Amino acid sequence: MASVLLLPSSSSSCCCSRKINAAIHVPKLPKLSLSLPKIPMRNLGEELNTRDGFINTIPVEKINHVIDDGSHNSSTNIVSTQLYAILEAVADRVEMHANIGEQRDNWNTLLLNSINMMIFTAATMAGVAATAGGIGMPLLALKLSSTLLYSAAAGMLLIMNKIQPSQLAEEQRNATRLFKQLQSQIQTMLAIGTKTQEDVKEVMEKVLALDKAYPLPLLGAMLEKFPAKFEPAVWWPKNQVLQKKNFLHEGKQCNNGWSEELEMEMREIVKVVERKDIEDYVRLGNLALKINKTLAISGPLLTGIAALGSAFVGNGSWAPIVAVAAGALASTVNAFEHGGQVGMVIEMYRNCGGFFQLLQDSIETTLEEGDLEKRENGELFEMKVALKLGRSLSQLRELARKSASSHVDEFASKLF
């Protein structure tokens, strides 16, 4: 039985070996050398133009330009993001300066009314004490109350005259307006301008210069309210790089819109601005500053004299007269200084003088640039100067002709 089973297995193994040997001995094929034609390489622009068997009309140069500008677009997006971040900070400053300006205007109204009511009450008490006559506790109470009220009013007046709330409010109003102006410039730059890192740096310098010119805190950073000499406000960077490129280039103009006549016109405008407008506002500012200094000293001084007079009521005939008369004069001086907002007038003159100083610096810096292509377009620059002065182009040129002939009998600005 075992032998019967072994025979088939041996025969099958022989068959398998023969089959394997037959499979191994395969004849070798001869080597063939094939030469394939080279496929022409096309760039992406040509591939897009001939896709699907159709010939498109898209220029290859434009397609390649879009591809090559990938890195440029990335840097432009970074600059735009930075400008948007600055824009948010500027919008926040607009809101802060507006709120603080309103608050400090309330200070002026509330302090003025409170101090005048204190002086009025103290003068009334001094008069009642003088007419009541006699001695005793009623007279002492009236004298003491009047003296305390006069003393408190004198102390509050010293603080109020030191900080000048009306001038503080005007500073914040000017800061709000200038930050809004800068906000509009950034929005225009983002909308139609070509943004670079130089633009980001320039805008940052403008923001910091405005922060320095119009500080928010009072302690340690408040502007001097009684300087030795009146000077116009400066809210732009010292080394400001003025905008010398145009947002739109519709066509190439000869000399970028500049000519010898236009340069002479701008120089004459600078002379008029410096000789008439700036000089006049500096004169008015110095006059208002002297008046404010006199009033700031007179108010607390008269209130202090009234406090001394009220302390001696009942000891002489002149004491009640001094107390009541000095109190009345102090109230009048206080109403004229803070009710008339003399500090606000001084700040208004500072701002107007700074406006003309900025205009003068802008024109002079532009004319000093020798390369006409780096300047702002001449016709556009002339139109901006005319608008800032409240004049038409013909009126601006007429003013320049009058200045050249030394027959100027008017100010450069018709706005203020």
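Here are a few things to note about the model shown:
- Residue pairs meeting the criteria (Cβ under 7 Å; at least 6 apart or on separate chains; first under 23 Å from PHE411 (Cα atoms), in segment 371-398; second outside any loop (DSSP other than H, G, I, E, B) and among the hydroxyl-bearing types (Ser, Thr, Tyr)): PHE381/THR366
- Qualifying position, being in a helix (DSSP H, G or I), in contact with a Lys or Arg (Cβ under 6 Å, 6 or more places away or on another chain) and either in contact (Cβ under 8 Å) with a residue 24 or more places away in the chain or open to solvent by less than 40 Å² (accessible area, probe 1.4 Å) (or both), among LEU168, LEU149, LEU158, LEU142: LEU168
- A Cβ distance below 6 Å, combined with a sequence gap of six or more or placement on separate chains, defines the contacts here; from segment 288-317, residues that are under 12 Å from GLU337 (Cα atoms) reach residues that are charged (D, E, K, R) and open to solvent by less than 20 Å² (accessible area, probe 1.4 Å) in the pairs LEU295/GLU337.
- Criterion: exposed (fewer than 12 other Cβ atoms within 10 Å of the Cβ) and modelled with pLDDT of 90 or more - qualifying residue of ASP92, ASP69, ASP52: ASP92
- One residue alone among SER392, SER403 is among the polar types (S, T, N, Q), over 30 Å from LYS293 (Cβ atoms) and in contact with a Lys or Arg (Cβ under 7 Å, 6 or more places away or on another chain), and that residue is SER403.
- Test for ALA175: is it within 17 Å of ILE346 (Cβ to Cβ), surrounded by 19 or more Cβ atoms within 10 Å (Cβ to Cβ) and under 10 Å from the mean Cα position of the chain (by Cα): yes
- Residues being open to solvent by 80 Å² or more (accessible area, probe 1.4 Å), over 14 Å from the mean Cα position of the chain (by Cα) and within 30 Å of ASN292 (Cα to Cα) - total across segment 180-226: 3
- In segment 78-101, the residues that are touching a residue at least 24 places away in the same chain (Cβ under 8 Å) and of a type outside the set (Val, Ile, Thr) reach residues that are open to solvent by 20 Å² or more (accessible area, probe 1.4 Å) and not in a helix (DSSP H, G or I) with C-beta atoms within less than 8 angstrom, at least six apart or across chains, in these pairs: SER80/LYS195; LEU83/LYS195; MET96/LEU216; HIS97/LEU216.
- The set of residues in segment 236-268 that are part of a loop (DSSP other than H, G, I, E, B), modelled with pLDDT of 90 or more and over 29 Å from the mean Cα position of the chain (by Cα) comprises TRP258, SER259.
- Failed condition for MET117, given (1) within 30 Å of PRO217 (Cβ to Cβ); (2) at pLDDT below 95: (2)
The values are calculated or read from the model by the stated rules, or taken from the named source; none is laboratory data. The shown structure was predicted, so the numbers you read here are calculated from the model rather than taken from an experiment. Glycine gets a Cβ as well: all are built from the backbone with ideal geometry, and neighbour counts include every protein chain shown. Keep in mind that these areas ignore ligands, DNA and RNA; they rest on the heavy atoms of the full protein, side chains included. Shrake-Rupley method; radii C 1.70, N 1.55, O 1.52, S 1.80 Å.
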